[in-house]
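The values are calculated or read from the model by the stated rules, or taken from the named source; none is laboratory data. Just so it is clear, the structure is predicted and the values come from calculations on it, not from any experiment. Cβ coordinates were reconstructed from backbone atoms using ideal geometry, including for glycine residues, and neighbour counts include every protein chain displayed.
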Amino acid sequence: MTIRVFRSYKGDIERGVLGEIVIRNPNPDAKVKRSGPVLFESKEFVADYRFINRELNSPTGGSAAGKIDLFKDLVDDGKVEVEMRCVDAAQYFGVATPDLYLRPADAAFEWNFFKAFLSIWLQMLLVTSFGVTFSTFLTGPVAMMATLAAVVLGFFGQFVRGISSGEIYGGGPLESMIRMIIQENVMTELELNSVAVSFLKGFDWVLMSLLTAGTFILPDYTQFDTATFVADGYNIFGDLVAQQLTMAAVYFGVVAIVGYFFLKTREIAA
């Protein structure tokens, strides 16, 4: 919970305002509709973690109150509702939708760290695979430049597509170079004659079309960036790891086959 307290009177400022949490069954026809209240004392300006036991008191209360099971009695079709309210009279809680949420248990940091390094290793595998494939039909310096171009398009594909579609101002490579030379703002029209502008637009259209096509063919390396998960303390979920492994396996297999046939053709020619 991340809540704010509005006090209509000062009260005891040394302690927080009392509140309660009730776990509710979202099914209106369920036999057990709610749990007994779980009391808590509010904490401001911090994330307040409250552990919900699986065994809860029934809503009847009292010493003779029975126990109910969180998953068996209150969860319906994988869903459950959490209700919170302020108990102290004339005091109020300020809560927005994202301020109260269910949080799963912590996963092992070492395993999460390993999955982040696995993502980096898959990036390295793809870059190496494309470099080796390019080297089967290109010379060393040209293969290195082609590999670098593939990495740049893989990391900045969304930016290239934005330039090509006009969502991002600045124009294509040739137009951008001309603007830098004559110090022209990207929001204004080029101060050139119509023939030169048409030539620039046409050349950039052809080049950006090729680059845009390349962004859809080459792997999107940003899909393998999971460093923010580890930095922010979030678990890298298994579906994402499976997606990365599948993507890397497909690209690796395709470029390996292409590189094999290019190398085989060169051997036959030799």
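Among the candidates Pro59, Pro37, Pro98, Pro104, the residue that is modelled with pLDDT under 90 and in contact with a strand residue (DSSP E or B) (Cβ under 7 Å, 6 or more places away or on another chain) is uniquely Pro59. Screening Ile181 with (1) aliphatic (A, V, I, L, M); (2) under 23 Å from Thr226 (Cβ atoms); (3) free of Cβ contacts under 8 Å to residues at least 24 places away in the same chain gives one miss only, at (2).
The C-beta contact set for region 188-211 (first residue surrounded by 11 or more Cβ atoms within 10 Å (Cβ to Cβ), second residue part of a loop (DSSP other than H, G, I, E, B), distance under 7 angstrom, 6+ apart or interchain) comprises Leu190/Glu184; Val197/Leu190; Asp204/Gly171; Asp204/Gly172; Leu207/Gly172; Met208/Gly172. Scanning region 230-244 for residues that are assigned to a helix (DSSP H, G or I) and either outside the structural domain of Thr128 (by TED's automatic domain parsing) or out of contact with any helix residue (DSSP H, G or I) (no Cβ under 7 Å at 6 or more places or on another chain) (or both), which turns out surrounded by the most Cβ atoms within 10 Å (Cβ to Cβ)? Filtering first and then ranking leaves Leu240. Taken over region 1-42, the criterion of being without any contact (Cβ under 8 Å) to a residue 40 or more places away in the chain and more than 29 Å from Lys72 (Cα to Cα) is satisfied by Lys10, Asp12, Ile13, Glu14, Arg15, Gly16. Among the residues of region 136-184, those identified as more than 25 Å from the chain's Cα centre (by Cα) and of a type in the set (Ser, Thr, Tyr) are Thr136, Thr139, Thr147, Tyr169, Ser176.
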